[in-house]
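> If you scroll down you'll find the structure; I have some questions about it.
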Amino acid sequence: MAGKFAAGAFELLPAESWGVLAGFPLATAITAATLAEDREKAGHYLRVPVPDALFQTPVGLLYLLACGRFQYEAGNHREALDCFDTIGRLTAAWEMDLPSLLPWRTASARVYLRLDQVERARLLATEEIRRCPPSDRRTLASALRALAATQDIDERAQSLAQAVAMIEFGDDHAELAATLTELGWAQHTLGEDKVAQRTLRKADRLMKQSGSGRAIGIMSDTEPPEPNSSAPGSLGELSHAERRVAMLAANGHSNRDIANKLFVTVSTVEQHLTRAYRKLNVRRRSELVRELRPSLPRSG
């Protein structure tokens, strides 16, 4: 809906007539298209010329935040960090470092998680939480979700449950669904399978209600068939998380692709693969493919 209003604004008045105020509808339109995974539409708004003076105003920081989030989703990590770092530098210079308005630390933390720089992500998320007012539950929950990705599984589940409680009755269904997805998989890793399934089903329902087309977690994909657990050295010896990572690896996904898909760090993927290799008695991916070939989805 916000994206439609932003597009309508430019129908009423051409972008060049807005001056620096064009940053408002452009940021909204770029963000909406990014959430909907419509890169073509987001690219269209990113190509709209903006005046240099925009980046000397707070409006320009909102525009940079939207641009950085698009670059993050597109996998352009350096470009995303450039946007977020610029916001951090300017908000400090202008004495307006307000997480409720510009949560650039949380956005940066998510980039560093993708780059497997966990400690740097942890510091940024922790500082965001420290600076955020307690009344801003939405920004706090988002920062807490980023922090949870840097924690051990028990602590992660607690942080994610806390984040869900903060926004459960709000209107940000996409953020809530993403948080529930990560909580569900944390619960599964802890062996709480029935609770995890309920959590993940709720996440999927919310994502459908929000109208977003993006996949929010591995339960959004078709689950692999349950293996015959009686055969030694088979898929049945793997935990669900190890099996899912192994199936994705055997299907040709890189460790970083798997990490991005499952919302975990590369080191977590490597740990799951190491255990899967040991249990399946294989040493490399080519052997993994041969071992899992009967269980792999048929192409076409």
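The values are calculated or read from the model by the stated rules, or taken from the named source; none is laboratory data. Since this is a predicted model, take the numbers as computed values, not measurements. Cβ sites come from the backbone with ideal geometry, for glycine too, and all protein chains shown count toward neighbours.
> Kindly provide the set of residues from the range 179-214 that are buried (at least 19 other Cβ atoms within 10 Å of the Cβ) and in contact (Cβ under 8 Å) with a residue 60 or more places away in the chain, ordered by number.
Thr181, Glu182, Trp185
> Determine, yes or no, whether Arg105 is closer than 25 Å to Gly60 by Cβ, under 19 Å from the mean Cα position of the chain (by Cα), crowded, with 23+ Cβ neighbours inside 10 Å and not assigned by TED's automatic domain parsing to the domain that holds Leu54. Can you show your working first?
Working: closer than 25 Å to Gly60 by Cβ: yes; under 19 Å from the mean Cα position of the chain (by Cα): yes; crowded, with 23+ Cβ neighbours inside 10 Å: yes; not assigned by TED's automatic domain parsing to the domain that holds Leu54: yes.
So Arg105 passes the test.
> Further question on the same structure: Among the candidates Glu155, Glu128, single out the residue that is surrounded by 24 or more Cβ atoms within 10 Å (Cβ to Cβ) and of a type in the set (D, E, K, R). Give the derivation first.
Details: Glu155 fails: surrounded by 24 or more Cβ atoms within 10 Å (Cβ to Cβ).
The conditions single out Glu128.
> While we're on this one: Can you tell me which of Arg110, Arg131, Arg114 is among the basic types (Lys, Arg) and either assigned by TED's automatic domain parsing to the domain that holds Ile30 or touching a Pro at 6+ places or on another chain (Cβ under 7 Å) (or both)?
Values: Arg110 fails: either assigned by TED's automatic domain parsing to the domain that holds Ile30 or touching a Pro at 6+ places or on another chain (Cβ under 7 Å) (or both); Arg114 fails: either assigned by TED's automatic domain parsing to the domain that holds Ile30 or touching a Pro at 6+ places or on another chain (Cβ under 7 Å) (or both).
After ruling out the rest, the residue left standing is Arg131.
> Report whether or not Asp116 is without any contact (Cβ under 8 Å) to a residue 40 or more places away in the chain and of a type outside the set (A, V, I, L, M, F, W, C).
Details: without any contact (Cβ under 8 Å) to a residue 40 or more places away in the chain: no; of a type outside the set (A, V, I, L, M, F, W, C): yes.
Spelling it out, it is not the case that Asp116 is without any contact (Cβ under 8 Å) to a residue 40 or more places away in the chain and of a type outside the set (A, V, I, L, M, F, W, C).
> Let me ask something else about it. Report, by residue number, each residue of the range 96-117 that is in contact with an Asp or Glu (Cβ under 7 Å, 6 or more places away or on another chain) and part of a helix (DSSP H, G or I). It would help to see each step written out before you state the result.
From the range 96-117, those in contact with an Asp or Glu (Cβ under 7 Å, 6 or more places away or on another chain) are 99-100, 103, 105-106; that's our starting set.
Result: Arg105, Thr106.
> Something else about it: Which residue is nearest to Thr31 (Cα to Cα), if the candidates are limited to the range 93-102 and must be surrounded by fewer than 21 Cβ atoms within 10 Å (Cβ to Cβ) and touching a Lys or Arg at 6+ places or on another chain (Cβ under 9 Å)? Write out each step before concluding.
Step one: list which residues in the range 93-102 are surrounded by fewer than 21 Cβ atoms within 10 Å (Cβ to Cβ), which gives 93-98, 100-101.
Next, only the ones that are touching a Lys or Arg at 6+ places or on another chain (Cβ under 9 Å) stay: 97-98, 100.
On the way: Asp97: 21, Leu98: 19, Ser100: 16 Å.
Ranking the qualifying residues of the range 93-102, first place goes to Ser100.
> Follow-up question, since we're still on this one. Please work out which residue is nearest to Asp38 (Cα to Cα), limiting yourself to the range 62-102 and to residues that are more than 15 Å from the chain's Cα centre (by Cα) and among the charged types (D, E, K, R).
Among those that are more than 15 Å from the chain's Cα centre (by Cα) and among the charged types (D, E, K, R), it is Glu79.
> Also, quick follow-up: Might you let me know whether the range 56-73 holds any residue that is of a type outside the set (Val, Ile, Thr) and modelled with pLDDT under 90? Give the derivation first.
Residues of the range 56-73 that are of a type outside the set (Val, Ile, Thr), as a first pass: 56, 58, 60-73.
Checking which are modelled with pLDDT under 90 leaves us with 73.
Yes, there is a match, as at least one residue in the range 56-73 is of a type outside the set (Val, Ile, Thr) and modelled with pLDDT under 90.
> Can I ask one more? Out of (1) more than 17 Å from Glu182 (Cβ to Cβ); (2) in contact with a Gly (Cβ under 9 Å, 6 or more places away or on another chain), what's the single condition that is false for Ala141?
(1)
> Related question: When you check Leu140 against the structure, is it assigned by TED's automatic domain parsing to the domain that holds Leu176, hydrophobic (A, V, I, L, M, F, W, C) and out of contact with any Ser or Thr (no Cβ under 8 Å at 6 or more places or on another chain), yes or no? Full working, then the answer.
Working: assigned by TED's automatic domain parsing to the domain that holds Leu176: yes; hydrophobic (A, V, I, L, M, F, W, C): yes; out of contact with any Ser or Thr (no Cβ under 8 Å at 6 or more places or on another chain): yes.
Here the answer is yes, as Leu140 does meet what is asked.
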